[in-house]
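What follows is a single structure, written as structure tokens, with notes after it.
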Amino acid sequence: MHVKGKMMAFCGLFLALSIVCMSLGSVIETNTLFLLAAASFFVGIVIREFGMKAGAAFYVADVLLGFLIAPNKFYVFSFAAMGLYIVIIEEAWRFLGRSASTQRQSLFWAVKYVVFNVMYIPMLVLFDEILLGGKKLSFAMTAGIWLAGQIALFLYDRAYEYVQSHVWTKIRGRMF
């Protein structure tokens, strides 16, 4: 199979799976975050398999198609934030590729938390009235939600690394 054809077929299949995960998030409300995270993991797989250009194009196509097809547009915004986080950290990993190992890991984790907080804190401060139905949060509650977000980022990132290093490597061996 021609390389571009293989890439197009692969990306089309993963685009369809990602949209299915986004749409199922609206149907299966108890697993919404899990399904949105799974949909965003496809962005990282495409980046690692075909490079940053293909991954960025996949991400944009995924968000646009999500707005057209997914029933709950708020979930598409959530997916867009998760996918953007993955695009940025994958690029940061590539950029930091020349650094020493211990310094690289520390700097990479710092970049992850900075990127997450640049997206998360404005949402937490500016959109709390939208998310909570017009109620304003106290400082203690905002700080607690911020801390919960940091823990959620750690779990999301660990899950992403597990999927990339264990799950995808097993599936990849059967596909290619």
With the 1.4 Å probe rolled over protein heavy atoms, the chain has an accessible area per residue in Å² of 59 Å²
Among all helices in the chain defined by DSSP H, which have a length of 20 Å or more along the axis from Cα atoms plus a Kyte-Doolittle mean of at least 0.0?
3-27, 32-50, 52-69, 73-95, 101-126, 139-162
Could you state the orientation-averaged shadow area of the convex hull built on the Cα atoms of the range 1-101, in nm² to one decimal?
7.2 nm²
Extended-chain gain in nm, criterion 0.36 nm per residue less alpha-carbon gap, VAL114 and ALA61
16.5 nm
Reachable lysines, given that their alpha-carbon falls under 24 Å from the alpha-carbon of LYS135 and they are not under 8 places away in the same chain:
LYS73
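Ignoring trypsin sites (Lys or Arg not before Pro) that are buried or in helix or strand per DSSP, and keeping those with at most 15 other beta carbon atoms within 10 Å, what is the longest stretch of the chain between them? Don't skip to the end; give the middle numbers.
On the way: sites that count: LYS135, LYS136.
Within the chain, the longest run free of exposed trypsin sites (Lys or Arg not before Pro) spans 1-134.
Apply 1/(1 + (r/R0)^6) to the Cβ-Cβ distance of ARG48 and LEU126, taking R0 = 25 Å, and write down the FRET efficiency to the nearest 0.05.
About 0.15, to the nearest 0.05.
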Measuring from label point to label point, each 7 Å out along Cα→Cβ, what is the ASN31 to ALA143 span in nm?
3.8 nm
I'd like the per residue volume of the convex hull spanned by the Cα atoms of the chain, given in cubic angstrom.
133 Å³
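For ARG104 and ARG158 in one chain, what is 0.36 nm times their gap in residues minus the Cα-Cα distance, to one decimal in nm?
The span from ARG104 to ARG158 would gain 17.7 nm if fully extended.
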Only helical DSSP H runs with n ≥ 4 go in: add -39500 (n - 2.57) per run for the chain, normalise by residue count and round the 222 nm mean residue ellipticity to 500 deg cm²/dmol.
-28500 deg cm²/dmol
Find, to one decimal place in angstroms, the Kirkwood hydrodynamic radius of the range 1-48, where the mean of 1/r is taken over every pair of different Cα atoms and then inverted.
11.3 Å
Shape verdict for the range 53-155, please, from the Cα gyration tensor: rounded (a/c under 1.5), prolate (a/b greater than b/c) or oblate.
oblate
About its Cα centre, what dipole magnitude does the chain give when the only charges are +1 on Lys and Arg Cβ and -1 on Asp and Glu Cβ, stated in debye to the nearest 20?
540 debye
Relative contact order for the chain, counting Cα pairs under 8 Å that sit 6 or more residues apart, in percent:
18 percent
Say each of GLU91 and ARG174 gets a label point 7 Å from the Cα, pointing the same way as Cα to Cβ; how far apart are those two points in nm?
3.4 nm
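Got a number for carbon plus sulfur as a percent of the chain's accessible area, 1.4 Å probe?
For the chain, the apolar C and S fraction of the accessible surface comes to 73 percent.
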Which of LEU15, ILE28, ALA80 sits farthest toward the positive end of the charge dipole of the chain, with +1 on the Cβ of Lys and Arg and -1 on the Cβ of Asp and Glu?
LEU15
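The values are calculated or read from the model by the stated rules, or taken from the named source; none is laboratory data. In this text, all values refer to a predicted model and were calculated from it rather than measured experimentally. Please note: Cβ atoms are built from the backbone with ideal geometry, for glycine as well, and neighbour counts cover all protein chains shown. Areas reflect the complete protein model, heavy atoms only, side chains present, ligands, DNA and RNA absent. Shrake-Rupley method; radii C 1.70, N 1.55, O 1.52, S 1.80 Å.
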